[in-house]
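Trainee: Pasting a structure here, questions to come.
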Amino acid sequence: MIEDVPGLERCTYLPEHGNDGYRVGHYDLELDYRVGPNRLSASARLSAVATAPLVRFDLDLGPFRVARVLIDGRAGRFRQRRDKLHVTPPRALGAGQRFTVEVRYTGNPRPVTSPWGGLGWEQLTDGSLVAGQPTGAPSWFPCNDRADHKASFRISLTTASAYHVVANGRETGRRRSGATTTWVYEQDEPMAPYLASVQIGRYQTTEIPGRVPQRLVHPGPAAGRVRYDFGRQGEMIAAFEERFGPYPFGAYTVVVADDELEIPVEAQGMSVFGTNHVDGRRGAERLVAHELAHQWFGNSLTLARWRDIWLHEGFATYAEWLWAEASGGESADEHALRWHGRLAGQPQDLVLADPGVERIFDDRVYKRGALTLHALRRTMGEGRFFPMLREWTAAHRHGTVTTEDFTRLAERHAAQTPEPLFAAWLYGRRLPRLP
């Protein structure tokens, strides 16, 4: 068995997801997908290092049929139970030893069940998408499903040539063979498994000019609405770079799936919207800002523990207010006053820095998180608050973060200690007054 290094997250919010004893440095996924029958045949090669002596290790993987598992090219024993693939290598692995695991598997990918609905691989009316937050990655590939274990990725997907495929990172190959096309993407910056994504549909591409390369991938009939609704995205990036620091990835892709979605979702270097979010009047522009901001807060800076979800959602919500302010709409002050009034009338039972696993996507986490940042901005002043945010994104670029990391940084930048503010806003249940 594993001589465990205690897991940072697994013992708290999501104990069934993630595994100890090793770290994956790179995922190489070879996927062959048939849209109609929703059939996936795949091989996943994981390059890893043992962090403790291992005579067995586990991977997270949904109910696929596993044909074989190779460790450093040699067959290993394995068994599947409750979305875990238990692997016994031919010989024990020593701490610090590098090894590769290759898993060959087939099946019909389906979402992982969760308190927040199905997560991961989903069939569309004509195509598929992946929305993996927080535990959907095992719905399509074997992984160590921990947000604090980032790795680089190569994703190769073969499907019928009528379909357009988008995955994380840069497209490094596209090869047609008969009736199918193979698309290859490489994500060099480290990425948490839940942020890995593929999008498959009958799409066309629109390029948006700007310093950061931007692509809109969308159904042909929606082209005009999409171009207009995302027409200010370049200005958004410029406004956020001024406040948050440089955009953290090489490019940004927005996919408008050819279906209605309940909410937009972020992946690394990518955001996914439904056709219901595109009205040709910029009616969902706050969501455009929210998903874009996640590239800094969530994808480059990723929580190390799910209880710190406000570091994603509070910051992205505050970015909505900052964009409204920068683009001539309501000021952040006006947003804060309105939302403070609404939250004051709701139950006062949520601790922002530890809301409980069932409430990590509670709207109060989003809005109270944004209010916390606004309170800090009002207390610190513009001249200290925004330089602090820029240092926050620079110091932890492509890493993982905790609430304590943020409060320590704020302490260094503030003229007076913000400890009472954090005690009230992050750890108190009752909603404090705005400064």
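The values are calculated or read from the model by the stated rules, or taken from the named source; none is laboratory data. Keep in mind it's a predicted model, so treat the numbers as computed, not measured. When we count neighbours, we look across all protein chains shown, and the Cβ atoms used for this are built from the backbone with ideal geometry, even at glycine.
Trainee: List pairs: first residue in the range 184-210 and without any contact (Cβ under 8 Å) to a residue 40 or more places away in the chain, second residue in a helix (DSSP H, G or I) and buried (at least 18 other Cβ atoms within 10 Å of the Cβ) anywhere in the structure, Cβ distance under 9 angstrom, at least six positions apart or on different chains.
Mentor: Close Cβ pairs (under 9 Å, with a partner that is in a helix (DSSP H, G or I) and buried (at least 18 other Cβ atoms within 10 Å of the Cβ)) amount to Thr206/Val226; Ile208/Gln233; Gly210/Gln233; Gly210/Ile237.
Trainee: Could you identify the single residue in Pro37, Pro6, Pro15 that is of a type outside the set (Gly, Ala, Ser), under 19 Å from Ser139 (Cα atoms), modelled with pLDDT under 95 and not in a strand (DSSP E or B)?
Mentor: Criteria check complete, one pass: Pro15.
Trainee: In the list Gly169, Gly201, Gly220, which residue meets the criterion of being among the small types (Gly, Ala, Ser), out of contact with any Cys (no Cβ under 9 Å at 6 or more places or on another chain) and more than 17 Å from Met270 (Cβ to Cβ)?
Mentor: Just one listed residue meets the conditions, Gly220.
Trainee: Between Arg377, Arg364, Arg412, Arg368, which is loosely packed, with under 14 Cβ neighbours inside 10 Å and at pLDDT 95 or above?
Mentor: Result of the check over Arg377, Arg364, Arg412, Arg368: Arg412.
Trainee: Considering only the range 211-243, state which residues are more than 22 Å from Ala324 (Cβ to Cβ), over 22 Å from the mean Cα position of the chain (by Cα) and among the charged types (D, E, K, R).
Mentor: Hit for the range 211-243 is Arg211, nothing else.
Conditions tested, residue by residue: (1) farther than 24 Å from His149 by Cα; (2) assigned by TED's automatic domain parsing to the domain that holds Gly314; (3) in contact with a Cys (Cβ under 7 Å, 6 or more places away or on another chain).
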| site | (1), (2), (3) |
| --- | --- |
| Leu371 | yes, yes, no |
| Ala375 | yes, yes, no |
| Phe385 | yes, yes, no |
| His396 | no, yes, no |
| Thr402 | no, yes, no |
| Phe406 | no, yes, no |
| Pro432 | yes, no, no |
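Trainee: Being more than 24 Å from Asp32 (Cβ to Cβ) and free of Cβ contacts under 8 Å to residues at least 60 places away in the same chain is true for just one of Ala223, Ala179. Which residue is that?
Mentor: Ala223
Trainee: It is to be established whether one or more residues within the range 219-229 are buried (at least 18 other Cβ atoms within 10 Å of the Cβ) and not in a helix (DSSP H, G or I).
Mentor: yes
Trainee: Look at Leu261 and say whether it is under 28 Å from Ala44 (Cβ atoms) and not in a strand (DSSP E or B).
Mentor: yes
Trainee: Now for a different question. Of a type in the set (D, E, K, R) and over 26 Å from the mean Cα position of the chain (by Cα): is that true of Glu313 in this structure?
Mentor: no
Trainee: Ok, one more. Let me confirm something: among Leu343, Leu322, Leu337, which residue is among the hydrophobic types (A, V, I, L, M, F, W, C), buried (at least 24 other Cβ atoms within 10 Å of the Cβ) and part of a helix (DSSP H, G or I)?
Mentor: Leu322
Trainee: Do we have Arg146 as out of contact with any strand residue (DSSP E or B) (no Cβ under 6 Å at 6 or more places or on another chain) and surrounded by 24 or more Cβ atoms within 10 Å (Cβ to Cβ) here?
Mentor: yes
Trainee: Kindly indicate which of Ser156, Ser152, Ser139 is closer than 16 Å to Leu46 by Cα, touching a Pro at 6+ places or on another chain (Cβ under 7 Å) and either at pLDDT 95 or above or assigned by TED's automatic domain parsing to the domain that holds Leu31 (or both).
Mentor: Ser152
Trainee: Does the range 155-176 hold any residues that are touching a residue at least 40 places away in the same chain (Cβ under 8 Å), surrounded by fewer than 19 Cβ atoms within 10 Å (Cβ to Cβ) and part of a strand (DSSP E or B), and which are they?
Mentor: Residues satisfying the conditions are Ala160, Arg170.
Trainee: Counting only residues that are surrounded by fewer than 22 Cβ atoms within 10 Å (Cβ to Cβ) and in contact with a strand residue (DSSP E or B) (Cβ under 7 Å, 6 or more places away or on another chain), which one in the range 234-250 is nearest to Ala162 (Cα to Cα)?
Mentor: Checking each candidate, the answer is Gly250.
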